[in-house]
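Notes for the one structure printed next.
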Amino acid sequence: MVVNKIDYMELESSKFEFYNLGIGEPIAISAGQALGLGDMLDEIMSHFEDKDDEEDEDSETKVAIIGKPNAGKSSLLNKLAGEERVIVSDIPGTTRDAIDSYIQFGEDRFLFIDTAGIRRKSKIHEEVERYSVVRSIAAIERADVCLVMIDATEGVTEQDEKIAGLAHESGKGVVIVVNKWDLIEKDDKTILEFEKNVRNALGYLSYAPIVFISAKTGQRVNRLIELIKYVANQHSMRIKTGALNEVISEAVMMKQPPIEKGKLLKIYYATQVSTKPPTFVFFVNYVESVHFSYQRYIENQLRQHFGLEGTPIRLIFRPKNEK
Ligand SMILES: Nc1nc2c(ncn2[C@@H]2O[C@H](COP(=O)(O)OP(=O)(O)OP(=O)(O)O)[C@@H](O)[C@H]2O)c(=O)[nH]1
Ligand SMILES: [Mg+2]
């Protein structure tokens, strides 16, 4: 119960009147003079559970394994589980639906979602296939981290680019998994060259780590598990407002924002408004002056200081009138 206009009225003297309404302690404010608003907000917040913390501690990390048909998604799931939980075959399109599997590694519990391979749109004729693509996209939505699986024997194809794009746009953590590494003839440059090709093709996933595995032999599957944990943590990172603003004012000092139509961009302050993915709101004088290239500069500075590896981040610019 909020009693407004205390600038006109003594709350104490008329308090009984408000108690008589039977809805608890009145909170006195003045909307006009901005009095008592802090206490009111504290009272409001006390009615919310700290949902974020609870989720982070109690529930498992959700991981969607996505990729083309036959990339080896189900094989990886079986390797992780240490048993044959899902059907593996060399017939593309073996997995028809998204399948949930809970797997425990030491202290950590994971939900892995094996998905149906996502085909090119033009090839989706049957109802059942269209449905399975929808289910794969729903699996991405449910996940914290997406494993974008690429078949090493085929390299990065156009279809892989589309699938990786889905992961990127969803705002989830991403690990690029190059599978069937056992089938590749290698010398000491092969990994670097392959990585360069992946980076070229999937430029927008520059934040995502790459791991070269064999779902068949288990090569680097343990490393992949470590990467998933790491990326899930980065994806739910919370940065304190103080530290954030220090980095931003330093960044602005090092590189002046551009002047756009005679207007110099000023960033007053920034704050992280949510996680998964980390999302930041910047209060600025002219939203129109925020160039894409300057946004990217700020994003790179944040990544340099805070890591944020494997997760997309979102920057939102809002106008704030200088007072
Ligand atoms: N040599 C080798 N073969 C692999 C590897 N991973 C998977 N395969 C083989 O690739 C074929 C497809 O594997 P699946 O695990 O069924 O592939 P998937 O991505 O689940 O395929 P869909 O369910 O059809 O989308 C099978 O014949 C596997 O044995 C690997 O790391 N090395
Ligand atoms: Mg499968």
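The values are calculated or read from the model by the stated rules, or taken from the named source; none is laboratory data. These numbers were taken from a predicted model, which means no experiment stands behind them. Note that each Cβ is placed from the backbone with ideal geometry, even for glycine, and that neighbours are counted across all protein chains shown. Note: accessible area is taken over every heavy atom of the protein model, side chains too, but ligands, DNA and RNA are not part of it. Shrake-Rupley method; radii C 1.70, N 1.55, O 1.52, S 1.80 Å.
Remind me, relative contact order of the chain in percent, using alpha carbon pairs under 8 angstrom and six or more residues apart?
Details: 539 pairs, mean separation 41.7, N = 323.
Value for the chain: 13 percent.
Annotation: lysines with alpha-carbon distance below 16 angstrom to residue 276 (same-chain offsets under eight excluded): 51, 62, 172, 229, 240.
When DSSP beta bridges are limited to those with both residues in the chain, what percentage is antiparallel, rounded to the nearest 5?
Numbers: 16 of 44 bridges.
Roughly 35 percent of the beta bridges in the chain run antiparallel, per DSSP.
Where does the Debye-calculated log10 I(q)/I(0) of the chain sit at q = 0.08, 0.13 Å⁻¹, using only Cα point scatterers of equal weight, no solvent? Cα-only, vacuum Debye calculation for the chain: -0.52, -1.00. Of the peptides 63-71, 294-302, the order by per-residue mean of other Cβ atoms within 10 Å, starting with the highest, comes out as 63-71, 294-302. Annotation: peptides 169-176, 217-224, ranked by per-residue average of other Cβ atoms within 10 Å with the highest first, follow the order 169-176, 217-224. Working note: 222 nm ellipticity from helices only, DSSP H runs with n ≥ 4, each -39,500 (n - 2.57), summed and divided by the residues of the chain, gives -11000 deg cm²/dmol to the nearest 500. Whole percent per 10 Å bin, from 0 to the bin with the longest distance: what is P(r) over all C-alpha pairs of segment 55-235? Reading upward from the zero bin: 10, 41, 38, 11, 0.
Accessible surface for residue 131 stands near 120 Å², nearest 10, in the context of the full protein assembly shown (1.4 Å probe).
Between amide H atoms placed 1.01 Å from N, distances below 5 Å from residue 268 occur with 283, 284, 285, all of them 5 or more places distant or on a separate chain. Taking the 1.4 Å solvent-accessible surface of segment 2-45 as the whole, the part contributed by carbon and sulfur is 58%. Calculated on the alpha-carbon coordinates, the convex hull of segment 241-319 measures out at 81 cubic angstrom per residue. Distance from the C-alpha centroid of segment 232-269 to that of segment 80-118: 41 Å, rounded to the whole angstrom. The protection proxy used here, the mean number of other Cβ atoms lying within 10 Å of each residue, ranks peptides 147-157, 97-107 as follows, highest first: 147-157, 97-107. Normalise the Debye intensity by I(0) for segment 166-264, one equal point scatterer per Cα, no solvent, then take log10 at q = 0.14 Å⁻¹ and round to two decimals. Reported log10 I(q)/I(0), two decimals: -0.76.
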